[in-house]
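Worksheet: one structure, shown below.
The values are calculated or read from the model by the stated rules, or taken from the named source; none is laboratory data. A quick note: this is a predicted structure, and the numbers were derived from the prediction, not measured. Here the Cβ positions follow ideal geometry from the backbone for every residue, glycine too, while neighbour counts run over all protein chains shown. For the accessible areas, the whole protein counts, side chains as well, though only heavy atoms, and no ligand, DNA or RNA atoms are used. Shrake-Rupley method; radii C 1.70, N 1.55, O 1.52, S 1.80 Å.
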Amino acid sequence: MDIDSPTNKSITDSIDESGDATMADAPPTRGQQVATTDRMMPEVAPPATAIPEHSDVFENGDQTKPNCDFLKDHFFREGRLRESDALAILEEATAILKSEPTLLTLSSPVTICGDVHGQYYDLMKLFEVGGDPATTQYLFLGDYVDRGYFSIECLLYLYSLKIRHPASFFMLRGNHECQHLTDYFTFKLECTHKYSERVYEAALGSFCALPLAAVVNKQFLCIHGGLSPELHTLDDLRQLDRFREPPTHGLMCDLLWADPVEDFGHEKNKSYFIHNFARGCSYFFNYAAVCAFLERNNLLSLVRAHEAQDAGYRMYRKSKTTGFPAVITLFSAPNYLDVYNNKAAVLKYENNVMNIRQFNSSAHPYWLPNFMDVFTWSLPFVGEKVTDMLLAILDICTKDELEESATDLQQMARIFHVLRSEAETINELKGLLGTQRLPAGQLSAGGRGLRQAVMSFEEAKRYDRDNEKLPPLRRQASAEQRAVTDEQAAYEAAEKEYGPLVALGEHLDQHTRNMAKDRGAYPVLNPYIFECTAM
């Protein structure tokens with residue numbers, strides 16, 4: 001939900017002598033007339049509520065000419081498109097991407113960008129730093145969606161730029177451009193909330209058309225993830241079938257998921273490739289593996305994304321033969337998840353000069369976790385307060401008169417209190433992590449632990465570690481679903497035999513016992529952890 005939506009009316013507006021509504025400098029006093037039609041912050045433009053016409057989205061109604069300037073401003077104001085226009089952009093971009101080879105060949109000058117992750121307002125800053133897309137050649141390394149709450153805006157705008165500038169605007173596939181991850185994280189939910197299932201399906205189709213790699217100036221291999229034991233020459237990339245959902249192993253998986261080892265260049269383990277336990281799939285590759293690949297293919301460096309970096313980039317150990325960093329990692333989502341406090345960076349390469357440009361995060365509108373509406377979010381709070389009011393009313397009666405009713409109400413009050421506390425915590429954490437499901441043991445710090453601990457890049461990265469892994473496959477998730485189904489069946493049986501209130505109480509008691517076994521179940525997060533600050 002947008003906190004600046006038109007439904008949120010200010011109650012601190014005043015009426016001047018002419019009868020016009022004006023913003024008050026201070027809260028209203030007793031007896032003062034107030035208007036509820038003005039905004040609390042009139043300097044902030046209201047969200048775009050009108051759906052634009054087809055002729056606004058496309059110049060002269062031509063679907064091959066999206067109006068990028070209009071779309072940039074419209075999305076910035078949280079505007080949406082007609083479903084047919086969104087589908088037209090996705091389908092036109094897919095057709096262009098399908099015509100491109102799996103391995104792109106580019107020349108400088110070029111601006112190379114890392115992960116975006118649905119941070120639309122930071123994407124606008126990226127273009128300010130990197131240059132106007134109309135006059136600057138761009139190469140994006142993937143991960144346009146998920147985690148952030150403006151993924152569909154990022155995708156539609158980037159695809160619009162691709163349609164308008166097909167020969168100078170290039171996009172590679174990241175590990176999040178797939179059905180498995182977008183269903184697990186937030187992109188599918190966002191598409192169905194803002195548009196429809198058809199838009200989501202069209203986006204999935206476009207992901208399978210994205211190229212997997214690019215060679216810049218015959219010097220730099222650019223991919224999202226990393227190297228693979230199955231990657232020997234560039235011809236291996238050219239011959240790869242990319243038009244599919246990424247598998248959980250093999251060359252395509254490694255291109256999207258692999259990482260350099262943490263002690264890159266100073267490895268104790270001399271194996272070229274070891275299992276990537278941090279991702280749950282693919283490999284870690286070492287310094288020797290990269291140097292051997294670069295020499296074999298007469299390349300200078302490997303440029304990749306895929307990993308959050310505190311400075312927005314990382315230069316790894318230099319190659320002994322070229323004196324140039326063997327690997328460069330770029331990350332272009334500043335203050336990732338609103339808690340990492342990291343900078344973002346892009347790489348500008350021109351005239352054999354490489355320039356890293358960093359930038360900070362920009363303010364953005366706030367959404368409740370998982371696009372929840374305020375009414376749903378507030379129900380546990382309302383339930384708790386209603387039972388408090390009923391208990392207060394019953395206090396005027398004698399104990400004998402309302403002993404049974406009071407006991408039931410007290411039990412209900414306790415239930416609502418626990419449910420409210422858990423709902424608040426769970427929703428805040430889901431918003432923090434950008435996922436609909438919490439990994440087991442995510443909150444092992446308990447109580448206030450996470451609120452106090454997420455204060456640095458490394459700590460945020462540590463708490464987000466489980467979400468960097470390949471999510472459970474459907475057959476694994478089905479086992480978890482069966483456990484939920486069994487629990488629901490037990491509740492329904494108790495409800496039928498003892499009544500709904502007793503059944504709910506027993507269900508809550510069992511849930512509380514389960515929580516005691518793992519204090520990492522539901523912590524209390526700082527409600528201000530989601531606040532956004534301008535650069």
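Which three numbers, in whole Å and largest first, are the semi-axes of the equivalent ellipsoid of region 82-192 derived from its Cα gyration tensor as √(5λ)?
After scaling each eigenvalue by five and taking roots: 22, 16, 14 Å.
Under a crude label model (7 Å from the Cα following the beta-carbon direction), how far is residue 385 from residue 218 in nanometres?
Inter-label distance under the simple model: 7.1 nm.
Testing the spin-label approximation: label points 7 Å from Cα along Cα→Cβ at residue 43 and residue 351. State their distance in nm.
Reported label-point gap for residue 43 and residue 351 is 3.9 nm.
Roughly to the nearest percent, how much of the accessible area of region 262-402 is carbon and sulfur, given a 1.4 Å probe?
Heavy-atom surface of region 262-402 belonging to carbon and sulfur, 1.4 Å probe: 55 percent.
Can you work out the FRET efficiency for the pair residue 278 and residue 96, with r the C-beta to C-beta distance and R0 = 41 Å, to the nearest 0.05?
My answer for the efficiency is 0.75.
Ratio to report: Rg/Rh of region 54-359, with Cα atoms as the point set and Rh obtained by the Kirkwood method; give two decimals.
0.95
If you plug each phi of region 182-193 into the Karplus form 6.51 cos²θ - 1.76 cosθ + 1.60 with θ = phi - 60°, what whole-Hz ³J(HN,Hα) values come out, in order, with x for Gly and Pro?
5, 6, 6, 8, 10, 5, 4, 4, 5, 4, 6, 6
Could you state the orientation-averaged shadow area of the convex hull built on the Cα atoms of region 151-208, in nm² to one decimal?
For region 151-208, the mean projected area of the Cα convex hull comes to 3.8 nm².
Note the full-extension length gain between residue 82 and residue 235 as 0.36 nm times their separation in residues minus their Cα-Cα distance, in nm to one decimal.
Full extension of this stretch gives 50.9 nm more.
Once the Cβ-Cβ distance between residue 378 and residue 468 is put in as r, and R0 is 30 Å, what FRET efficiency do you end up with, to the nearest 0.05?
0.40
Do the alpha carbons of any pairs in 270/318; 218/320; 162/461; 270/320; 72/194; 320/348 sit beyond 21 Å of each other, and which pairs?
Where the Cα-Cα span goes over 21 Å, the pairs concerned are 162/461; 320/348.
Give the accessible surface of region 54-359 per residue, rounded to a whole number of Å², with probe radius 1.4 Å and ligands, DNA and RNA excluded.
About 35 Å² of surface per residue is accessible.
Counting only DSSP beta bridges with both residues in region 54-359, what percent are antiparallel, rounded to the nearest 5?
Given both bridge residues lie in region 54-359, the antiparallel proportion sits at roughly 55 percent.
Quick one: Cα convex hull volume of region 125-271, Å³ per residue?
Normalising the Cα hull of region 125-271 by residue number yields 150 Å³.
What do you get for chymotrypsin sites (Phe, Trp or Tyr not before Pro) in region 254-286 restricted to DSSP loop and a cutoff of at most 12 other Cβ within 10 Å of the site's Cβ?
Answer in residue order: 277.
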